[in-house]
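One structure is given below, encoded as structure tokens.
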Amino acid sequence: LGFLLGWLLFSLAAAGHWAEALILPLYYLADSTWTLARRLLAGERVWEAHASHFYQLATQRGLDHAGVVWIVLATNAGLLGLAVLASTGLPWLSLAVALVLVGMALAILRNPFRKKD
């Protein structure tokens, strides 16, 4: 499935829709890249299992799984809308707004508002 998605995104970029190909998987790219960079800088063994992705931190800090799913779902819905906007001729604006949206989602997941009882 990952290879298929990668091929589809590369095909989309090769067809001239580079912004859309970046925007659609942006949440997952940002979460994985940030987590990997943070672990590398901390000297952790990045090939070993861990629980330090943003969605995992959110559940460890009290947000329930449904709350995490809704945040990621809303973020992806927003990214889908921004990819459509990018296809109408506003790729840079769409990418900038997408980066802000994903940054906000990651910040909420890092420090969720709800706590477990």
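The values are calculated or read from the model by the stated rules, or taken from the named source; none is laboratory data. Note that this is a predicted model, so its numbers are computed, not measured. Every residue, glycine among them, receives a Cβ derived from its backbone with ideal geometry; neighbour counts consider all protein chains shown. Heavy atoms of the whole protein, side chains included, go into the accessibility calculation; ligands, DNA and RNA do not. Shrake-Rupley method; radii C 1.70, N 1.55, O 1.52, S 1.80 Å.
Would you be so kind as to identify all helices of the chain, as entire DSSP H runs, whose Cα atoms reach 24 Å or more along the helix's own axis and whose mean Kyte-Doolittle hydropathy is at least -0.5? Once both thresholds are applied, what remains is 65-87, 91-110.
Per residue, the average separation of C-alpha pairs within less than 8 Å and at least 6 apart gives the chain a relative contact order of 34 percent. Among all stretches of the chain without exposed trypsin sites (Lys or Arg not before Pro) (DSSP loop, at most 12 other Cβ atoms within 10 Å), which one is longest? The reported range is 46-113. Each label point was placed 7 Å from the Cα along the Cα-to-Cβ direction; for residue 59 and residue 107 their separation is 2.5 nm.
When a 1.4 Å probe is rolled over the protein heavy atoms, the share of accessible surface on the chain that falls to carbon and sulfur comes to 73 percent. Shown here for the range 2-90: chymotrypsin sites (Phe, Trp or Tyr not before Pro) in loop regions (DSSP other than H, G, I, E, B) with at most 14 other Cβ atoms within 10 Å, namely 47.
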